[in-house]
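Quick note: the coordinates plus some simple rules give every number you see, no bench work behind them. Remember, it's a predicted structure, so these values are computed and weren't measured experimentally. Because the Cβ atoms are built from the backbone with ideal geometry, glycine has one as well, and the counts that use them run over all protein chains shown.
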Amino acid sequence: MNEVEQAVHQACAEALERDDIGLTDDLVDAGLDSALTIEVITRLQTQYGVDVLDEFFVEPTVAHLAQAIRERTH
């Protein structure tokens, strides 16, 4: 995992209180409900200065969110 993937993974793992989330696992299927999604997206927005909520609805995975953050910060 690269640095951004690790940050997204950590945010999701802490919100879900589990560490077995894979890069391509569907976060909704893993239990990330709307309240937890806002928690994760807000944390990532604070950390990286970009909002990726729209990308969550495209593909709710660690890999996709990390890619969107990298694209918007570089």
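For the chain, the percent of C-alpha pairs falling in each 5 Å distance bin, counted from 0 to the bin holding the largest distance, reads 3, 19, 34, 29, 12, 2, 0.
Basic side chains Lys and Arg get +1 at the Cβ, acidic Asp and Glu get -1 at the Cβ, and with that the dipole of region 11-74 about its Cα centre reaches some 300 debye. Protection proxy ranking for 16-29, 51-64, 33-46, using the average of other Cβ atoms within 10 Å per residue and placing the highest first: 51-64, 33-46, 16-29. A helix-only calculation puts the chain at -19500 deg cm²/dmol for mean residue ellipticity at 222 nm, using -39500 (n - 2.57) for each DSSP H run of at least four residues, averaged over all residues.
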